[in-house]
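First up is the structure itself, then whatever we jot down about it.
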Amino acid sequence: MPTRLTTTRLDYLHRSRLPLPTLLALLPVILLIEFGFGMVPDSAAARVLATVQLRALLQAFTLSPAVVVHGLGVIVVLVLLTWHVLNGDRWRVRLLDLPIMLFEGCIASVPLLVAAAALLSGQAMPLGAPTNDYSTLEAVLIAATSGLSEEFIFRMCGIALVHLVLVDVLRLKHAPAMTIAVMLTAVAFTLYHDTSVLEPTAVTFYAIAGLYLGGVFAMRGLAPAVLAHIVYNVVALV
């Protein structure tokens, strides 16, 4: 009996990191962003810096306006589907894994909330979302947009790129390369939030958040990191 439990647990830990389950777990977030922009076209979510940068990149390739407007969702879907195809994985997902992944992401947000309460004296600040008074819909849309775009850029792309250079070019082993990648992207994530205008406690919080979310990504994959980021932002904004 213990062997079966251990095997089942390890199977889930492996399956939930694969690109297709990750895509399906994040699909509600992507759809929320797509429909949200349709309902609130002038939302402040459109001005989240990471999203603006993604759109600028797409415009540089002279892509159609429709692709630029929906660039975040399009890029995430295409990257995860391409990764799935290159892996040669089966087009099969255990549906029970998806709610577990969502629950896991919610649980992963708790350390961020605790760190914010300790360092920011209860004045929680969104991780990369513009601060103001918003309707509930707009606040959730901002939280989802900043969480998905920043985790995609800093964790999935940033960590993968640094890890690739360290392993394939500098011939480091996986563990030290991943550690360095998490640390470097945490520094980039902190500087991205314009530390020149932040209090030292806020800078410390962003650094801790960057390290923590990088660790979540390294150990559990993209979906829990995105969901933890979004849940934190929702609590901070709503």
Legend entry - Ranked list, fewest to most other Cβ atoms within 10 Å of each Cβ, for 29, 162, 235: 235, 162, 29
Inset, instruction - List 12, 206 from most exposed to least, where exposure is judged by having the fewest other Cβ atoms within 10 Å. - result: 12, 206
Legend entry - For segment 169-183, Karplus couplings with θ = phi - 60° (6.51, -1.76, 1.60), whole Hz, Gly/Pro x: 9, 8, 6, 6, 6, 4, 4, x, 5, 5, 4, 5, 4, 5, 5
Inset, instruction - Give the dimensionless ratio obtained when the Cα radius of gyration of segment 72-215 is divided by 2.2 N^0.38 Å. - result: 1.18
Inset, instruction - Tabulate in residue order the Karplus-calculated ³J(HN,Hα) for segment 72-87, using 6.51 cos²θ - 1.76 cosθ + 1.60 with θ = phi - 60°, rounded to whole Hz; enter x for Gly and Pro. - result: 4, x, 4, 5, 4, 5, 5, 5, 5, 5, 4, 4, 4, 5, 5, 5
Inset, instruction - For segment 14-21, just list the computed ³J(HN,Hα) in residue order, Karplus coefficients 6.51, -1.76 and 1.60, θ = phi - 60°, integers in Hz, with x standing in for Gly and Pro. - result: 6, 4, 6, 8, 6, x, 5, x
Inset, instruction - Please report 178, 101, 183 as a ranked list, fewest other C-beta atoms within 10 angstrom at the top and most at the bottom. - result: 183, 178, 101
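Bear in mind that the values in this text are calculations on the coordinates, not laboratory data. Bear in mind that the values here come from a model prediction, so they are computed numbers and not experimental data. Here the Cβ is made from the backbone with ideal geometry for all residues, glycine too, and neighbour counts use every protein chain on show.
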